[in-house]
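Read the structure below first, then the notes.
The values are calculated or read from the model by the stated rules, or taken from the named source; none is laboratory data. Just so you know, these numbers come straight off a predicted model, no measurement behind them. Glycine gets a Cβ as well: all are built from the backbone with ideal geometry, and neighbour counts include every protein chain shown.
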């Protein structure tokens, strides 16, 4: 084992948090040895050259996301900050994560099916009825509807974090239109181009076949088992911040990228309008939120969706992935019940644990939380993306007071969680390895097989001490390697 | 046009196509995780001499294993990359191909658009500067990307400024004949492990990256997806690479395009016209051979006999072409 004595690591502190690369004695963990050796030997000018090449490649390929802010007229186009020191997960750790993911997604899917059919879990008093009917993402339109193969979530993104002991916890489930696939794949191809030797000698688990599994999963949804279904990816359009990802997925899977205006509803079917006429659409992989899917069923002033889509869906003539109404299970309040769901539907103990969570609608938990706000993280249950959030330890007294008021006004809208000491991983900042907090978004694909993309997307909070990893809030990403034995 | 001019044009087309093909193939395989890694974890699947790995098969695909072995002791990355890119003793290396193309353009400078010389010369000079590629410093991806850009530039210039006369048709005949051969060679080099198919998720996981690399080496990945969706299998890929009528690097497409250009050649000499008709018939036979292929024959072709036969026929066509137009009776590479 080598010690972190090299210049790039000299001021590296690995004591107060779990560090992905170094153990408490500042020795390099065995699975990081190859990576550590390479980066600690690289000269500053070599690192600078790699950085320049990387930036160049990302601009050329248009790997960017759009940032909208209220006080600026033109949106910013940014390359997503990509850090080239990979996150490494040893095989045995990954196998347990993988099992945990499959278990969790299976239970969540069973939950959604149950909610829109018998509602057993409510009748049995495991999940309070209020959690469902008061839920902004509950879609009564889905009640009693059969979805193909009983698969509600073709693609799920589960966010994981590690505490100071290195134990993994689920931070949140993204079951509506999880994003990040393109960063994961582009990150991998950039790494294999920039550091071919390191990549090729590291025995990294392949992720390419996962795209094939993704496509197979979409195809398996085709109504009446059609053999050669016509699949489209429904995007809100080129102004959407994740548009790059939509083009990437459509291109890689060979499916058509369409906007709502390209589709027409006729005789309870959905057609694509193209130069050759109308072509019936069998499966829609939508990257559009529920409320915009169909102005006749949901938000009437939306121009993004297809009027009549829900009729065609109800008639069983088109499949939608993910199914409408899956948001009911990724709400932050429902999150607290997922371990119970696993026990209830699968009669198994959860393999992956939740972060300890306080449901603020409950009096005792609320009172405890209000007294300890400076130690807790408070999240709004109806928003995602990291905008409506209080991180107690980092907040000012004024911010805490404002949140306390908001909680008292509408306690059902918030949950509070123990502040986790997110693990850290070295990132290269100006040629110096510096520890930053990371999480991991793992992707689960469900079709005839349930598949977890090996590795997933590691997100980094690039600001010192920050715990917010979302790209909309200045987070970056890393390639994530699962090592084969 | 002089016979030797016709020959030079034909070989310009062939050499530039060959250079492009080399760059594509090496680039994709370079970034493919070595099957040696898999061989270590799954010895039962990778036993025997086929564990020679991707580097051996790159040499196979570029058609010169015997020659390689006479110069180099083993199949490893740096030797193979050097051999196929910058080795001046290898008559098929990138730098030699480009040098030949340049030499041929030089003999025809006054007859060809001047941009064509500029591009070919610029390409050669750039490549010569490389001298020795240190991929630990320079990204291999960038290097091969640049090669593809140079060849695309060359083709773009041909396309946009060359009069559609015999000169043009000779270059295009060379290009598409070479492409037919190259695609067939790539298929010959497909690992018999991946051809053996097999079932089970584990095996699929091992073979998938390799099959994908084959598709990417001809830039056929996206086109394949559109027609075969998630059916990435050895059989589907072979079918696509041989029979696709729309994919410009398939054997079918390349052969038919070559045939069109062959017919486009206009000759005054009566004796030559007879020979010209004969070679058109020869190409017709090859087209017919392709048209009569049954899908069964392809999918049961574990020994790759089909692509081997097609490759032989194509090579014979090349020789016939040379005998007809250049009357030299031999091919110079």
Which of the numbered conditions does residue A:194 fail, given that it passes all the others? Conditions: (1) modelled with pLDDT of 90 or more; (2) within 13 Å of chain B (Cβ to nearest Cβ); (3) touching a strand residue (DSSP E or B) at 6+ places or on another chain (Cβ under 9 Å). (1)
Residue A:344 fails exactly one of the following numbered conditions: (1) surrounded by fewer than 23 Cβ atoms within 10 Å (Cβ to Cβ); (2) at pLDDT below 95. What is the number of that condition? (2)
Please verify whether the range B:103-111 includes one or more residues that are within 14 Å of chain A (Cβ to nearest Cβ), modelled with pLDDT of 80 or more and out of contact with any helix residue (DSSP H, G or I) (no Cβ under 7 Å at 6 or more places or on another chain). no
Would you say residue A:324 is buried (at least 23 other Cβ atoms within 10 Å of the Cβ) and assigned to a loop (DSSP other than H, G, I, E, B)? yes
Does residue A:454 satisfy the condition of being under 20 Å from residue A:84 (Cα atoms), in contact (Cβ under 8 Å) with a residue 12 or more places away in the chain and within 14 Å of another protein chain (Cβ to nearest Cβ)? yes
If I ask for residues that are in a helix (DSSP H, G or I) and over 19 Å from the mean Cα position of the chain (by Cα), which ones from the range B:56-100 would you list? B:69, B:70, B:71, B:77, B:78, B:79
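Scan the range A:216-238 for residues that are out of contact with any strand residue (DSSP E or B) (no Cβ under 8 Å at 6 or more places or on another chain) and within 18 Å of residue A:180 (Cβ to Cβ) and jot them down. Walk me through how you get there before you give the answer.
Here is the first cut: in the range A:216-238, the residues out of contact with any strand residue (DSSP E or B) (no Cβ under 8 Å at 6 or more places or on another chain) are A:216, A:220, A:224-228, A:236-238.
Across the range A:216-238, the qualifying residue is only A:236.
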So, residue A:170, is that one assigned to a strand (DSSP E or B) and more than 19 Å from residue A:113 (Cα to Cα) or not? yes
For residue A:439, work out the one condition from (1) surrounded by fewer than 24 Cβ atoms within 10 Å (Cβ to Cβ); (2) touching a strand residue (DSSP E or B) at 6+ places or on another chain (Cβ under 7 Å) it doesn't fulfil. (1)
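From the list A:8, A:72, exactly one residue is modelled with pLDDT under 85 and more than 26 Å from residue B:139 (Cβ to Cβ). Which is it?
A:72
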Could you check residue A:209 against (1) within 14 Å of another protein chain (Cβ to nearest Cβ); (2) in a helix (DSSP H, G or I); (3) touching a residue at least 40 places away in the same chain (Cβ under 8 Å); (4) surrounded by 21 or more Cβ atoms within 10 Å (Cβ to Cβ) and say which number it fails? (3)
Those residues of the range A:114-149 which are at positive phi and outside any helix (DSSP H, G or I) amount to A:119, A:125, A:144
Of all residues in the range A:197-206 being in contact (Cβ under 8 Å) with a residue 24 or more places away in the chain and in contact with a strand residue (DSSP E or B) (Cβ under 9 Å, 6 or more places away or on another chain), the one that is nearest to the other protein chains (Cβ to nearest Cβ): A:203
Which of the numbered conditions does residue A:446 fail, given that it passes all the others? Conditions: (1) within 27 Å of residue A:155 (Cα to Cα); (2) surrounded by fewer than 17 Cβ atoms within 10 Å (Cβ to Cβ). (2)
Does at least one position in the range A:344-363 carry a residue that is more than 26 Å from the chain's Cα centre (by Cα) and assigned to a helix (DSSP H, G or I)? yes
Could you check, for the range A:96-113, whether at least one of its residues is touching a helix residue (DSSP H, G or I) at 6+ places or on another chain (Cβ under 7 Å), farther than 21 Å from residue A:310 by Cβ and without any contact (Cβ under 8 Å) to a residue 24 or more places away in the chain? no
Report whether or not residue A:444 is within 18 Å of the chain's Cα centre (by Cα), more than 17 Å from residue A:174 (Cα to Cα) and assigned to a strand (DSSP E or B). no
Tell me, which residue of the range B:61-82 that is in contact with a helix residue (DSSP H, G or I) (Cβ under 6 Å, 6 or more places away or on another chain) and crowded, with 20+ Cβ neighbours inside 10 Å is modelled with the highest pLDDT? B:68
All but one of (1) modelled with pLDDT under 95; (2) surrounded by fewer than 20 Cβ atoms within 10 Å (Cβ to Cβ); (3) more than 10 Å from every other protein chain (Cβ to nearest Cβ) hold for residue A:137; state the number of the condition that does not hold. (2)
Test residue A:45 against the criterion of being under 22 Å from residue A:422 (Cβ atoms), outside any loop (DSSP other than H, G, I, E, B) and modelled with pLDDT of 85 or more, and give yes or no. no
Residue A:303 passes all but one of (1) surrounded by fewer than 18 Cβ atoms within 10 Å (Cβ to Cβ); (2) free of Cβ contacts under 8 Å to residues at least 24 places away in the same chain; which number fails? (2)
Residues that are assigned to a strand (DSSP E or B) and out of contact with any helix residue (DSSP H, G or I) (no Cβ under 6 Å at 6 or more places or on another chain), drawn from the range A:447-465: A:458, A:459, A:460, A:461
With the structure loaded, tell me whether residue B:149 is out of contact with any helix residue (DSSP H, G or I) (no Cβ under 9 Å at 6 or more places or on another chain) and within 30 Å of residue A:197 (Cβ to Cβ) or whether it fails that test. yes
Taking the condition under 21 Å from the mean Cα position of the chain (by Cα), within 14 Å of chain B (Cβ to nearest Cβ) and within 18 Å of residue A:153 (Cβ to Cβ), does residue A:179 pass? no
